[in-house]
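Down below is the structure, laid out as structure tokens.
The values are calculated or read from the model by the stated rules, or taken from the named source; none is laboratory data. Model, not experiment: these values are computed from the prediction. Positions of Cβ are generated from backbone atoms using ideal geometry, with glycine treated the same way; all protein chains shown enter the neighbour counts. Keep in mind that these areas ignore ligands, DNA and RNA; they rest on the heavy atoms of the full protein, side chains included. Shrake-Rupley method; radii C 1.70, N 1.55, O 1.52, S 1.80 Å.
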Amino acid sequence: MKTVYDIILRPVITEKSMMDSEAKKYVFEVAPDATKIEIKKAVSEIFGVKVKRVNTVNVQGKKRRTGAYPIGRTAARKKAYVELTEDSKSIEFFEGMV
């Protein structure tokens, strides 16, 4: 059985994701086989917030050169865009980054 920490792997820290954190929208890298319902429960349990919506995106690995031949790829991953309700508190982890 997977724990909540097996579902939520790490937060995604980029300029775009930090601008959305002011509107209570956060981005996490999640397990490739995680469903939206599992992600919603995991974020609620870890951070103690109310989740309004979860959107997921499968990101393919990019091609990278490894010399002349063969062409390698970076690892594929899955990202989850989590939006919190208006009455929910914000996630403290992201507050000091903006």
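Structure summary
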| quantity | calculated |
| --- | --- |
| Near pairs, Cβ below 9 angstrom, 6+ apart or cross-chain, from region 58-87 (exposed (fewer than 10 other Cβ atoms within 10 Å of the Cβ)) to any residue that is in a loop (DSSP other than H, G, I, E, B) and of a type in the set (A, V, I, L, M) | Asn58/Ala76; Arg64/Ile71; Arg65/Ile71 |
| Qualifying residue in region 42-54 (condition: out of contact with any strand residue (DSSP E or B) (no Cβ under 8 Å at 6 or more places or on another chain) and of a type in the set (Ser, Thr, Tyr)) | no |
| Boolean, Tyr26 is of a type in the set (Ser, Thr, Tyr) and open to solvent by less than 60 Å² (accessible area, probe 1.4 Å) | yes |
| Failed item in (1) over 17 Å from Asp6 (Cβ atoms); (2) modelled with pLDDT of 95 or more, with Met97 passing the rest | (2) |
